[in-house]
1. Give me the net charge for the shell around V18: Cβ to Cβ below 10 angstrom, other residues only, Lys and Arg +1, Asp and Glu -1.
2. Using the count of nearby Cβ atoms within 10 Å as a rough guide to exposure, how do H77, H25 rank from fewest to most?
3. State, to one decimal in nm, how far the label point of H55 lies from the label point of Q29, with both points 7 Å from Cα in the Cβ direction.
4. Across 5 Å bins from 0, what is the distribution of all Cα-Cα pair distances for segment 10-89, in whole percents?
5. Hey, got a sec? Which trypsin sites (Lys or Arg not before Pro) in segment 13-98 land in a DSSP loop and have at most 14 other Cβ atoms within 10 Å?
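Here, each number is a calculation from the coordinates, and none is a lab measurement. Remember, it's a predicted structure, so these values are computed and weren't measured experimentally. Here the Cβ is made from the backbone with ideal geometry for all residues, glycine too, and neighbour counts use every protein chain on show.
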Amino acid sequence: MRKQPASESTGELILLSVSPDSEDHVSLQAIVCHSKWKMFSARDLSSALALLQQHEISVLLCERDLLPGTWIDLMKHITILQNAPSVIVTSQRADHRL
């Protein structure tokens, strides 16, 4: 059975947005600013990994293509986390491979 992150017991959702496009972060912040959710943002893989080590992230929204790397590279790192976040992959060019 998966242990609930501490954020779930307090009702606070912690979201991590990972995208090289700052507009993605701005748009998402506009959506969550009216809620109890807390949001962090990262422009690249290394910044995202640092935030994942510092915070118990509930949901991770990740752009398909990161520079350098991709969402798959990020998935390889989070699978070892005790309370791995749920992951949503985003892309302006979603196709059958995604």
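1. -2
2. H77, H25
3. 1.2
4. 3, 16, 30, 27, 16, 7, 1, 0
5. Sparse-neighbourhood loop trypsin sites (Lys or Arg not before Pro): K36, R93, R97.
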